[in-house]
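Single-structure report; data block below.
The values are calculated or read from the model by the stated rules, or taken from the named source; none is laboratory data. Please read all numbers here as calculations on a predicted model, not as lab measurements. Reconstructed Cβ throughout: ideal geometry from the backbone, glycine too, with neighbour counts over all protein chains shown.
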Amino acid sequence: MHDFNAKEKTLSILGKGKGSQKEVLDLSDKTADALASWIKESKNKRGDDPLFTVLAYHKNGARLTGEAIRRLVDGLCLQAGITKKMSPHRVRHSAITTVLDLNNGNYRATQ
């Protein structure tokens, strides 16, 4: 869990490109508290263990991948009655469009 700094409320992630560029994200108080609680309750407490792991399919306990997240989002959307094929990117796009609509297209307020 070296990538999460509870005191500074930051999380280091592998970012753009092929996921090889490290980026440091500033977290809100609620997000930092939620991650700290998750780590405290998590069974994996070694510093090099993944923060989130697969809990379904044949790879239980493995690092959560983009494909696993896509399957999770798609399954949850189906449970919610959304019949269109969904992905994390489509959910993100829909959320941004909704917030832009609520802000009359003001992208600064949306940020």
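Of note:
- Residues in the range 22-44 that are modelled with pLDDT under 85 and loosely packed, with under 10 Cβ neighbours inside 10 Å: Glu41, Lys43.
- The residue that is farthest from Ser42 (Cα to Cα), among those in the range 58-111 that are part of a loop (DSSP other than H, G, I, E, B) and among the β-branched types (Val, Ile, Thr), is Thr83.
- A Cβ distance below 6 Å, combined with a sequence gap of six or more or placement on separate chains, defines the contacts here; from the range 71-87, residues that are among the acidic types (Asp, Glu) reach residues that are in a loop (DSSP other than H, G, I, E, B) in the pairs Asp74/Met86.
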